[in-house]
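The values are calculated or read from the model by the stated rules, or taken from the named source; none is laboratory data. Keep in mind that what you see is a predicted model, and the values were worked out from it rather than measured. Cβ coordinates were reconstructed from backbone atoms using ideal geometry, including for glycine residues, and neighbour counts include every protein chain displayed.
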Amino acid sequence: MTLSKNAIRIPMIGMMLLFFVSSAYAQTKQLKRPKSKVNISSVDNFVAQSFDLYDKVYKYDGYAAAGTPLDDDDIDVLEDALDDLSGLSDSAPDILGDIDGASVLKQAKATLQINKAKKALKYSIKTSKELLLGQRERDKKENDSDDDTSTSDEASNSSSESSNENDGSQEDNSNISDDLEIISKFDFVPGDKLLFFDDFSQDFMGDLPSKWNTNGSGAIVKLNKVEGNWFELKAGYRLYVIPDINELPQDYSIEFDLLTSGLTNQTSSGARLHIVLSDNNVFHHGKRHYAMASLPLGQYGAFNINAYNYFDGGSGMINSALTADIRDEVKNQPHIAISVTKKRYRLWVNEVKYIDIPRFIEKLDVLNYLKFHVYGLKDGEERVFIKNLKVAEGGVDLRRELLSKGKVSTNGILFDSGSAKIKPQSYGIIKQISQVLMQDESIKLNIIGHTDSDGSDEANLKLSKNRANAVKEALIKVYKISGNRLQTDGKGETQPVDDNSTAKGKAQNRRVEFVKI
């Protein structure tokens, strides 16, 4: 029996379409471009253009999978590709009509290649949109059953309260970390001259903080089980928040507390917090010069911390992916610390130093602005907050000042609110003091605590004495300094050095003095 051309064509096309539908959602590796042409010009052009665009998108998808952030040029390419993809996809029905009249074998070959191209287009359109929105997701094979799948503030923040907030269950002298080895090696020392401080205590709920600017949105919020006001950074394409800093010196430090909510194993690999040093206060990375650190927020894999700089057209550009697994840290209210000393750039997450690049700031005196940019979060489900942003000019070696002047005062030793529990990020300063005592065993010190004016006089006096004693205990337990060489005292709020009516002034007044006896 002889079958008609249509009788052969219909089941063949049906089988091919069935294959296409069943496999469209199971892509696990790169699609292969057809090696031969059909010799129908419209079909060959459609297939070639589809795979050209597919190759571009697949490349950027690979960057996201590796945790490498897309730069502005990458995003521009993806935007153009998405426009071309949409136009090609719309033309697919017309291409099918062009195979009529061809031989049965040529029709079959054309149909196969068109379906393959359509599959590439479908992947490319979906993926490019997710990459541009920072919401790229992939099939994951973890067997994790994390407890953080809840997106409520209370659920997400419950994990952070034990590590950061004073819940009243510990005595004031419980101030030494269990991991003394990491604490004792921590070498971050903040700048000594405060340039900018904001704990958002002077701002109203729901408002953008008064000392910040943005091209998107953001608001001050209060959260369950964590203290104080927090600034929520909204995620989005080219959205920035910029504190009112317009002149950064050559030596300075940046510190802030980070809080996240709703991060799960479904959080995109492209979810990141970018901390940008820029040559302008416009809403992009920078005009001619910028340097950026990028912290991963994704949870289903260990994604790198990235360091990226750009000076004078990109000559000598650094684009580094630094091995890191900070998944637990970003969900447990970490403290981020950055030190810039001339051209050297260092970054710590809690007490661990992840970036230390000697010539990261290639050109001095051009990066005068600080910007934050969050990307890749699901709106309303995954959230990022910051608090206690502190920028301080460096330049004074506390060890030399203590030896030469016989006394030194610092507001870089931080405590939990209303408590004498020392925050781990303060141990770099305490380490410097211990080095002075180790160098000259004849030196004895009086450690004097000071507070701001919040609270009663009596409570502040007691708190200042407890904090001085906590520093003494840290020198003894962590750095093995003899207690016979250390005395303590507290002055409460009685000796302010700045205005207690402002957040910056209060931060200056909360300090510890070391005086040679």
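A few points about this structure:
- Only strands (runs of 3 or more DSSP E) whose full extent lies in region 181-248 are considered here, and the ones with at least 3 residues that are closer than 25 Å to LEU347 by Cα are 193-198, 212-214, 230-233, 241-243.
- Residue satisfying condition, being crowded, with 18+ Cβ neighbours inside 10 Å, under 20 Å from the mean Cα position of the chain (by Cα) and over 15 Å from ASP379 (Cβ atoms), within set LEU263, LEU239, LEU233, LEU258: LEU258
- Of all residues making up region 479-490, the number that are surrounded by fewer than 18 Cβ atoms within 10 Å (Cβ to Cβ) and either at pLDDT below 90 or not in a strand (DSSP E or B) (or both): 5
Matching residues to (1) in contact (Cβ under 8 Å) with a residue 60 or more places away in the chain; (2) under 21 Å from the mean Cα position of the chain (by Cα); (3) in the same structural domain as HIS335 (by TED's automatic domain parsing):
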residue: ILE357; (1), (2), (3): no, yes, yes
residue: VAL366; (1), (2), (3): yes, no, yes
residue: TYR369; (1), (2), (3): yes, yes, yes
residue: ILE386; (1), (2), (3): yes, yes, yes
residue: GLY418; (1), (2), (3): yes, no, no
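Matching residues to (1) surrounded by fewer than 22 Cβ atoms within 10 Å (Cβ to Cβ); (2) among the basic types (Lys, Arg); (3) at pLDDT 90 or above:
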| residue | (1), (2), (3) |
| --- | --- |
| VAL408 | no, no, no |
| GLY428 | no, no, no |
| THR451 | no, no, yes |
| LYS462 | yes, yes, yes |
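- Number of the condition not met by GLY455 [criteria: (1) buried (at least 19 other Cβ atoms within 10 Å of the Cβ); (2) touching a helix residue (DSSP H, G or I) at 6+ places or on another chain (Cβ under 9 Å); (3) at pLDDT below 90]: (1)
The rows are residues; the columns are (1) closer than 23 Å to THR502 by Cβ; (2) at pLDDT 90 or above.
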residue	(1), (2)
PRO334	no, yes
TYR345	no, yes
ILE357	no, yes
VAL366	no, yes
LEU377	no, yes
VAL384	no, yes
LYS390	yes, yes
GLU401	no, no
LYS405	no, no
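- Taking the conditions (1) crowded, with 21+ Cβ neighbours inside 10 Å; (2) modelled with pLDDT under 95 in turn, LEU295 satisfies each one other than (2).
- One residue alone among GLY376, GLY380 is among the small types (Gly, Ala, Ser) and under 21 Å from ALA321 (Cβ atoms), and that residue is GLY376.
- When VAL436 is tested against the conditions (1) assigned to a helix (DSSP H, G or I); (2) touching an Asp or Glu at 6+ places or on another chain (Cβ under 8 Å), the lone failure is (2).
- Residues being touching a His at 6+ places or on another chain (Cβ under 8 Å) and in a loop (DSSP other than H, G, I, E, B) - total across region 257-284: 1
- Of all residues making up region 449-459, the number that are under 19 Å from GLY505 (Cβ atoms) and either assigned to a helix (DSSP H, G or I) or of a type in the set (A, V, I, L, M, F, W, C) (or both): 1
- Some residue of region 82-92 being in a helix (DSSP H, G or I), surrounded by fewer than 11 Cβ atoms within 10 Å (Cβ to Cβ) and at pLDDT below 70: yes
- Filtered by the rule that a residue be of a type outside the set (Val, Ile, Thr) and free of Cβ contacts under 8 Å to residues at least 12 places away in the same chain, region 280-331 gives LYS287, GLY314, SER315, MET317, ASP328.
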